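Accompanying notes for the structure given below.
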Amino acid sequence: MNDSPGRIPPGSSPSDEPDHGTRQQGEPSDRPVPEQPTPEQPVWGAGWSQRQPPAGSWNASAGGSPTPPPPPPAGGPQGGAGWGVPPQGGRWANSGWRTPPAAPRPGVIPLRPLGVSEIIDGAIATVRAHWRTVLGISLAVSIVTQGLITTANGLWFRSASTSTDVLEDPDATLNEAMRAVGSAMGGSAVTLLIGVLGTIVTTSLLTVVTARAVMGRSVSTGEAWGGARPYLLQLCGLLFLIPVIAAGVMAAGMAPGVLLTLAGAENEGAALAALGGLAGAGAATWLWVRFSLAAPALMLEKQGIIAALRRSAKLVRGAWWRIFGVQLLAIVLVFIVGAIVEIPTSMAGMAIGGDNAMDWLSGEAVSVGWTFLIVIGIGGVISSTITFPISAGVTALLYMDQRIRRESLDVELARAAGVPGYETKGQDSGQNAGLTP
């Protein structure tokens, strides 16, 4: 090595530095002798000095060009992907790079905390893996509910035009106006009630199917009905109680403005009622998300209505925004899928029904024919058959994801699914996981 004065080559120890005439021959050195390392103590820079280029490869005085050191081994230290580059997904251990084992996946989702896309994919994978049971349940419930809705609309809206005429008459009495409003709202209430009942039945049945699909088990329609039937009444009470609570909160927010309007301050009362309504809507949304996991908690943990509400609030605590985002994404997805299916049938219905059909689709209360209602009902059946499993599956998987994150439910699920390495003697398969109705 042709080193300039005072330069310490890489890998040299302090004792190798030349004295340059500062110490006479035979004079003892006042520098401490460095302790020689034991075989267990690696020497800093030893690896670098061993990889130095041969003599003469770097000779600045001779005008030579620097030669870089040879490249590191392709395998890297301890079998890694290269020097300083860990293998994909690996981590450092005393014995080298180790890749953590992949999460077990006995069913439609991996048994670990899930991402948003994995929750949506899991709901769709449940439909693909158990399409006979899932689509059979959704189709049967959709046919019944849409048949009842079509019949109610056909009977109700034949006399709906007289109600709108009364509301447009400035000389109508208060009693006539109230009867017209009640008549107009009655049809919407009936169809809404039928739709809620259909949602309750499909949610209960498809929650059971999704829970079994997570553990890689198939379930027939009869088994799903047998597991869900004992809890249908409780689920009905739960899904009716949540809207009642939300409506009560909104009414409480609007009450001061309404009272102020009745007292004679109409402008101030209307403004206060609007502000109260917005605040009530925000509080109702917060409650809806807080209680959104109550249905799967009731079905899969066999809890009562109040206990299911408390259970949902506990699981949602600290993750409100995440659950709100996933539920909102599911609603948007369901809306898009429903629109894609129902737009062609609506166009066909308008071509058959004429102007009255267009007025009916725009929200006006008019008399329409049975042919138009049947075409619209067919579109509703197809749309509900596809969207029911998505909404129910997303809610069930959100519930399981929160339990995995907070209660290590993945371990219980792996045991229940019989994943190798998770067996426990005396383990009742599925019961401790709380997912076997």
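Sorting Thr145, Thr207, Thr371 by the number of Cβ atoms found within 10 Å of their own Cβ, with the fewest placed first, yields Thr371, Thr145, Thr207. What is the calculated FRET efficiency for Leu241 to Ala351, with r their C-beta to C-beta distance and R₀ = 35 Å, to the nearest 0.05? Efficiency computed from Cβ-Cβ geometry: 0.25.
We did not get these values from a lab; they are worked out from the coordinates using the rules stated. On a predicted model such as this, the values are computed, not experimentally measured, just so you know. Please note: Cβ atoms are built from the backbone with ideal geometry, for glycine as well, and neighbour counts cover all protein chains shown.
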